[in-house]
Amino acid sequence: MSETMTLHADLPEADLPDVIDTVLGLDASSPVLALRHERAKLKQLTQTSYFAALRPAEPRNFSYARRAALAARMAAAWKTPELAAHYTAALAAEGGDAEETRIADPAFLPEDAASPLAVLLRHVDLVTRTPKAASRANIEALKAAGLDDRDIVALAGLIAFVNYQVLLVAGLKMLRDH
Amino acid sequence: MSAPTDTTDTPRETVHDFTTEALDWKPYVGMVDYESATPSQRAALSMTPSNKGISPYVLVLAHEPEALRERTPLFNDIMYSEGGLSRGGRELGALGASVVNRCVYCAAVHAARYIQLEKKPEVVEEIYARETKADLPAFEQALFDFAVDLTSDPSEVGGYHLYHLRNSGLSDLEILDLIHSVAIFGWANRLMHTLGEPQRKA
């Protein structure tokens with residue numbers, strides 16, 4: 001669980017272990033790993049998409065620690081403990097501060113419900129758990145909280161990727177355990 | 001000044017109900033202007049098939065070219081790779097996810113593709129009429145129910161679901177392909193349904 005990319009900061013990304021294999025403990029003897037290798041191209045693109053969402057070359061207004069904290073929050077909200085543990089470890093390895101540690105807990109919301117952080121977390125929670133309820137008003141709220149168009153697309157991309165990963169981990173876990 | 005002739009500026013009807021008709025998609029945020037795009041944005045945009053033009057959706061995602069560059073081939077491999085689950089089966093996975101997440105645009109595109117591939121409009125009619133309670137032929141029911149259950153609560157899928165999929169004749173590779181098609185729409189729905197809205201074509 002402690003195996004995060006930053007613990008291998010000396011390695012190029014291409015040589016890092018597959019995040020989902022690591023999270024699910026799939027080793028060379030695992031039939032699910034052999035099955036994943038039948039779809040090697042998309043397995044690799046899932047890994048490169050992870051870096052694009054969590055550790056992009058231009059993180060701008062969402063630091064790596066902030067991204068890991070939001071990812072840990074989403075994984076925990078979906079009761080995916082293996083993935084939440086991975087992101088909690090990543091958050092620590094990225095040097096996340098006390099606020100980011102609180103963000104990783106899906107029960108946390110700032111006392112000031114109108115603060116930009118509260119707006120951000122409500123959006124993350126809504127789009128993670130009930131995307132069908134999202135509307136234009138939610139994007140307008142993010143703009144009012146100071147996010148620009150690129151921030152909004154970056155945030156949407158992070159939420160969407162982590163939810164993809166949660167669904168994939170759940171499906172692979174079903175195959176691994178039965 | 002002459003009267004505006006650009007019909008894209010005229011107000012158009014937002015579509016809230018599931019449909020199989022081709023729709024437009026209008027973003028809530030600005031699009032990247034192709035003429036002033038950075039080399040990185042142009043490279044990511046060039047992965048879209050040129051005969052389709054570049055959609056407003058892709059021009060929005062181009063704000064983050066690093067992610068778009070990985071996402072485009074990932075999506076295509078999940079939906080179009082050789083072998084494993086049929087193309088129609090993958091479209092049904094996409095449709096199940098899009099119904100739960102109420103991405104009307106995604107559902108319209110993938111319902112139409114499903115009908116085109118499988119020639120079973122009655123399957124889509126039943127899904128649109130009863131949504132997650134749709135009563136379908138056994139094989140389609142198994143795929144659709146798994147898509148609905150995984151999308152609704154990933155922590156609840158387990159042995160019961162796997163037993164049912166295998167009993168419906170699916171190989172493990174076909175099940176993996178179904179998982180991927182549902183998961184990638186957990187991704188796509190969260191972009192399309194949250195960053196813009198579907199509109200009736202002019």
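General remarks:
- The single residue among B:178, B:191 that is farther than 30 Å from residue A:140 by Cβ and in contact (Cβ under 8 Å) with a residue 60 or more places away in the chain turns out to be B:178.
- Counted residues, the range A:29-65 - those being more than 10 Å from chain B (Cβ to nearest Cβ), farther than 26 Å from residue A:177 by Cβ, open to solvent by 20 Å² or more (accessible area, probe 1.4 Å) and in a helix (DSSP H, G or I): 1
- Some residue of the range B:55-73 being away from chain A (no Cβ under 14 Å) and surrounded by fewer than 17 Cβ atoms within 10 Å (Cβ to Cβ): yes
- Residue A:132 vs. criteria open to solvent by 50 Å² or more (accessible area, probe 1.4 Å), within 22 Å of residue B:93 (Cβ to Cβ) and facing another protein chain (nearest Cβ under 9 Å): yes
- From B:170, B:176, B:143, B:136, residue being open to solvent by less than 50 Å² (accessible area, probe 1.4 Å) and closer than 15 Å to residue A:176 by Cα: B:176
- Any hit, the range B:113-122, residues being part of a helix (DSSP H, G or I) and crowded, with 21+ Cβ neighbours inside 10 Å: yes
To keep it simple, each residue is scored yes or no on (1) buried (at least 22 other Cβ atoms within 10 Å of the Cβ); (2) among the hydrophobic types (A, V, I, L, M, F, W, C); (3) at the interface with chain B (Cβ under 8 Å from one of its Cβ atoms); (4) at negative phi.
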site	(1), (2), (3), (4)
A:69	yes, yes, no, yes
A:75	yes, yes, no, yes
A:92	no, yes, no, yes
A:109	no, yes, no, yes
A:113	no, yes, no, yes
A:117	no, yes, no, yes
A:123	yes, no, no, yes
A:160	yes, yes, yes, yes
A:177	no, no, yes, yes
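- Considering residues of the range B:131-172 that are among the aliphatic types (A, V, I, L, M) and away from chain A (no Cβ under 11 Å) only, the residue farthest from residue B:84 (Cα to Cα): B:134
- Unmet requirement for residue B:128, which otherwise passes all of (1) in a helix (DSSP H, G or I); (2) more than 7 Å from chain A (Cβ to nearest Cβ); (3) surrounded by fewer than 18 Cβ atoms within 10 Å (Cβ to Cβ); (4) without any contact (Cβ under 8 Å) to a residue 40 or more places away in the chain: (4)
- Just one residue in the set B:191, B:162, B:176, B:136 is within 27 Å of residue B:57 (Cα to Cα) and either assigned to a helix (DSSP H, G or I) or of a type outside the set (Val, Ile, Thr) (or both); that residue is B:191.
The values are calculated or read from the model by the stated rules, or taken from the named source; none is laboratory data. Everything numeric in this text was worked out from a predicted model, so none of it was measured. Cβ atoms come from the backbone with ideal geometry, glycine included; neighbour counts cover every protein chain shown. In case anyone asks, the SASA skips ligands and DNA or RNA and just uses the protein heavy atoms, side chains included. Shrake-Rupley method; radii C 1.70, N 1.55, O 1.52, S 1.80 Å.
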